[in-house]
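S.K.: Have a look at this one before I ask anything.
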Amino acid sequence: MTADHYFTADPDAPLRRGEIEFTVAGRDYRLAVASGVFSAGRLDPGTAVLLRKAGLPDGRAEGAFLDLGCGYGPIACVLASEAPQVTVYAVDVNSRARDLAAENAERLGLGERVLVRAPDEVPADVTFAEIWSNPPTHVGKAELHALLERWLPRLAPGGTAWLVINRNLGGDSLHTWLVGLGWTVERMASQKGFRVLRVSGKSAD
Ligand SMILES: C[S@@+](CC[C@H](N)C(=O)[O-])C[C@H]1O[C@@H](n2cnc3c(N)ncnc32)[C@H](O)[C@@H]1O
């Protein structure tokens, strides 16, 4: 499977479906994937590092979470499985990715708590206890920055964002840029060339 134009709104790659399996925190997942969607051949290594190294929520977590750039939904499905009281907004511009994310959540019995939406469909008054993202880097730096400037301010007070970025695709400069905007950023892990960043409230708050 290719990743052709996975970040476009309507992939024109012919639909070839498949399934991938992975294990996170002792739980096994089998998710539907398809051509035209990011990393349809295997759980993306960056996403794997994020899910292994970031602080997964537990049964006490509450509120709304955001999976920003959800793809076929691996992060949203893990978060909703680990935290049964949480509602996860799974947001992507790619309609095929959204269809797969919704299908995967449904298959796991998470359909009522994984709300798959296009970016403009998220209600304006929702704030997020946590934002999780393996953000798109192929869209270019300006668009990546615009994406984070749009969504990070929607963290609820005391909220946390967990980001994974490939060091070779600007992980360290993104860290510096976020600090420059006033966010508190900690590099929580560095593995296989991926940086896991924990972003929290602006220091001026
Ligand atoms: C690196 S992929 C991660 C996908 C998935 N979370 C995973 O771990 O496999 C980034 C995703 O962001 C989506 N994306 C690109 N631009 C976006 C935007 N402006 N808003 C929301 N999602 C976007 C892409 O379609 C892609 O699915």
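No lab work stands behind these numbers, since they all come straight from the coordinates. Since the model is a prediction, treat every value here as computed from it, not as a measurement. Cβ coordinates were reconstructed from backbone atoms using ideal geometry, including for glycine residues, and neighbour counts include every protein chain displayed.
S.K.: Spin-label point model (7 Å from Cα, Cβ direction): what's the R167 to A124 distance in nm?
M.R.: My value for the distance between the label points is 4.3 nm.
S.K.: Hey, another quick one. Using a 10 angstrom cutoff on alpha carbons, build the Gaussian network for the chain and name the most mobile of V139, V164, V37.
M.R.: V139
S.K.: Of L115, I131, G41, which is farthest on the positive side of the dipole of the chain, counting Cα position, with +1 on Lys and Arg Cβ, -1 on Asp and Glu Cβ, and the Cα centre as origin?
M.R.: G41
S.K.: Obtain the nm distance between the two label points defined at E19 and E106 by a simple spin-label model: each point lies 7 Å from its Cα along the Cα-to-C-beta direction.
M.R.: 1.6 nm
S.K.: With runs of 4+ DSSP H residues as the only contributors, calculate the mean residue ellipticity of the chain at 222 nm using -39,500 (n - 2.57) per run, divided by the residue total and rounded to the nearest 500.
M.R.: Using -39500 (n - 2.57) per qualifying helix, the result is -7500 deg cm²/dmol.
S.K.: Give me the dipole magnitude in Debye, nearest 20, for the chain about the Cα centre, with unit charges on the beta carbon: positive for Lys and Arg, negative for Asp and Glu.
M.R.: With Lys and Arg at +1 and Asp and Glu at -1, about 640 debye.
S.K.: Still on this structure, I have one more. When 1/r is averaged over all different Cα pairs and the result inverted, which Kirkwood radius in Å belongs to the chain?
M.R.: 16.9 Å
S.K.: Can you sort L163, L110 so the residue with the fewest Cβ neighbours within 10 Å comes first?
M.R.: By the 10 Å Cβ count, ascending, the order reads L110, L163.
S.K.: So how do D125, D44, D67, D58 line up by other beta-carbon neighbours within 10 Å, fewest first?
M.R.: In order of increasing Cβ crowding within 10 Å: D125, D58, D44, D67.
S.K.: Let me ask you something else. In nanometres, what is the gap between the two model label sites at E143 and V179, each 7 Å from Cα along Cα-to-Cβ?
M.R.: Result for the modelled spin labels: 2.8 nm.
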